[in-house]
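Student: Submitted below is the structure of interest, expressed as structure tokens.
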Amino acid sequence: MATAVRECLAKARRSALHLEMRDSYMRDDPEFVRWQDGHRYDPADRASWWRSWLDVVAETTGRGVAMRRLRVVSEPLSDYVRYEYDGTFTNVAAGEDVRWLPRSRTRGLLLPALDGWVMDEEVVILHHFSGEGQWTGPRMEVHHDPELARQYASAYESAWERAVPHAEYRPA
């Protein structure tokens, strides 16, 4: 995970909202390639799937920061999102609350064009990806703008209310 996100999470006091809306990201990611080849994490073997990002999540949520990830997804799921679904138990184990929102349930919602984060309704981190899901310049923009953060948080909350908790979501 990029340094900007880790730095903002270290400073977060109340909330960290993460919005993901793409059907694929970084399809050349070695973990995704392993998943395509049949590798699956064993929930009973924590040492085999715990990674440094999960340390960040555990530390952040351990300070009392509500860390939530919302994935807006097309159904049926793309291979990449299926990979994310299969590994989401790791995020949950670290303390993150994850929900899934099928696009078919988004009618009437106004969602931002870019994925990103909102920290404490003060900071917005916008992510830039190509149509193929690869990072593009400038990769991330960090905005210390409470008004922009309120706009993103409002859109996020509207979508969150319709989303299905990870433990209940069954992909179509």
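Student: Got a sec to turn the phi values of the stretch 49-63 into Karplus ³J(HN,Hα) couplings, 6.51 cos²θ - 1.76 cosθ + 1.60 with θ = phi - 60°, whole Hz, x for Gly and Pro?
Tutor: Along the stretch 49-63, the couplings run 10, 5, 9, 4, 4, 5, 4, 5, 4, 4, 5, 5, 5, x, 7 Hz.
Student: How big is D, in µm² s⁻¹, for the chain by Stokes-Einstein at 4 °C and 1.567 mPa s if Rh is the Kirkwood radius over C-alpha pairs?
Tutor: Details: Rh = 16.6 Å.
Translational D for this selection: 78 µm²/s.
Student: A follow-up question, please. What FRET efficiency would be calculated for the residue pair Arg63, Glu31, taking the C-beta separation as r and a Förster radius of 25 Å, to the nearest 0.05?
Tutor: Values: r = 27 Å, r/R0 = 1.09.
Step by step, r from the Cβ atoms, then E = 0.40.
Student: Still on this structure, I have one more. Could you report the stretch 6-48's accessible area per residue, 1.4 Å probe, as an integer in Å²?
Tutor: Working: 2670 Å² over 43 residues.
I get 62 Å² per residue for this part.
Student: For Leu77, list long-range residues whose amide hydrogen, built 1.01 Å from N in the peptide plane, is under 5 Å from its own amide hydrogen.
Tutor: Ala172
Student: By per-residue mean of other Cβ atoms within 10 Å, what is the highest-first order of 33-43, 148-158? The partial results should precede the final answer.
Tutor: Working: 33-43: 11.5, 148-158: 17.2.
Peptide ranking by packing, descending: 148-158, 33-43.
Student: If you line up the Cα atoms of the stretch 89-172 on their principal axes, what length do they span on each, largest first, in Å?
Tutor: 35, 31, 29
Student: Percent of accessible area on the stretch 53-131 owned by carbon and sulfur, 1.4 Å probe?
Tutor: In the stretch 53-131, the share of accessible area belonging to carbon and sulfur is 49 percent.
Student: Pick from Asp86, Asp28, Asp55 the residue whose mean-square fluctuation is largest in a GNM of the chain, springs joining Cα atoms under 10 Å.
Tutor: Sorting by GNM fluctuation, first place goes to Asp28.
Student: Where Lys and Arg each count +1 and Asp and Glu each count -1, what net charge lies around Leu148 among other residues with Cβ under 12 Å from its Cβ?
Tutor: So the surrounding residues net to -4.
Student: Measure out, as a whole number of angstrom, how far apart the alpha-carbon centroids of the stretch 48-121 and the stretch 127-172 sit.
Tutor: About 9 Å separates the Cα centre of the stretch 48-121 from the one of the stretch 127-172.
Student: Working with all protein chains in place, sort Arg68, Arg27 by solvent-accessible area computed with a 1.4 Å probe, largest first.
Tutor: Result of the area sort, largest leading: Arg27, Arg68.
Student: Could you check the spin-label model distance between Gln134 and Arg13? Points 7 Å from the Cα along Cα→Cβ, value in nm.
Tutor: 4.2
Student: Let me ask something additional. Work out how much length Arg40 to Ser104 would gain on full extension: take 0.36 nm times their residue separation and subtract the Cα-Cα distance, in nm to one decimal. Don't skip to the answer; put the middle values down first.
Tutor: Working: separation 64, 0.36 × 64 = 23.04 nm, distance 2.84 nm.
Stretched fully, the Arg40-Ser104 segment lengthens by 20.2 nm.
Student: Grab the DSSP H runs of the chain that are 4 residues or longer, score each as -39,500 (n - 2.57), total them, divide by all residues and round the 222 nm result to the nearest 500 deg cm²/dmol.
Tutor: On the way: 6 runs with 64 residues, N = 172.
My calculation for the chain gives -11000 deg cm²/dmol from helical runs alone.
Student: Now for a different question. Just check the stretch 42-121 against the gyration tensor rule for me: Cα atoms, a ≥ b ≥ c as the square roots of the eigenvalues, rounded for a/c under 1.5, and otherwise prolate or oblate depending on whether a/b exceeds b/c. Don't skip to the end; give the middle numbers.
Tutor: On the way: a/c = 2.69, a/b = 1.32, b/c = 2.04.
It is oblate, given that a/c is not under 1.5 and a/b is not larger than b/c.
The values are calculated or read from the model by the stated rules, or taken from the named source; none is laboratory data. The structure presented is a predicted model; accordingly, all values stated were derived computationally and were not measured. Every residue, glycine as well, gets a Cβ built from its backbone with ideal geometry; the counts of neighbours run over all protein chains shown. Note: accessible area is taken over every heavy atom of the protein model, side chains too, but ligands, DNA and RNA are not part of it. Shrake-Rupley method; radii C 1.70, N 1.55, O 1.52, S 1.80 Å.
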